[in-house]
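The values are calculated or read from the model by the stated rules, or taken from the named source; none is laboratory data. This is a predicted model, so every value here is computed, not measured. As a convention, Cβ positions derive from the backbone with ideal geometry for all residues, glycine included, and neighbour counts pool all protein chains shown. What goes into the accessible areas is simple: the full protein's heavy atoms, side chains included, and nothing from ligands, DNA or RNA. Shrake-Rupley method; radii C 1.70, N 1.55, O 1.52, S 1.80 Å.
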Amino acid sequence: MRPTADAVRAFVVSELDVALRRAGFDPDAVDDGFDLLTSGVVDSLGMLELIVAIDERYGLDVDFEGLDPEEMTVLGPLVRHVADAGASDPRAEPVT
């Protein structure tokens, strides 16, 4: 499935809705600069679980080697990287 950045963002925020609220954040108000790890929304295991959920949701095997490790936990760069990976994956089909 070829996801857009908006679709990936919506999926990530939805997946983390409870964790965001538990940490005191409004899921609708987190911006692209929001760091999921340093904010305490996820830990390192939570990031791995999120990556697996993204891979399963979109049928992608996203290579995170090309993403700066410091940006991997930041919402905007993370969702754009996934969307870019989907766009360059010849197996990916557009989201309808």
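Here is how the numbers come out for the structure above:
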| quantity | calculated |
| --- | --- |
| Accessible area in square angstrom per residue, the chain, 1.4 angstrom probe | 58 Å² |
| Which of Ser44, Phe34, Leu20, positive extreme of dipole for the chain (C-beta unit charges) | Leu20 |
| Label of the coordinate-derived value, Cα extents along the principal axes in Å, listed as (1) 49, 21, 17; (2) 39, 28, 20; (3) 58, 35, 22 | (2) |
| Charge dipole (debye, nearest 20) of the chain; +1 at Cβ of Lys and Arg, -1 at Cβ of Asp and Glu | 280 debye |
| On Cα atoms only, tilt of 44-58 relative to the major axis of the chain in degrees | 40 degrees |
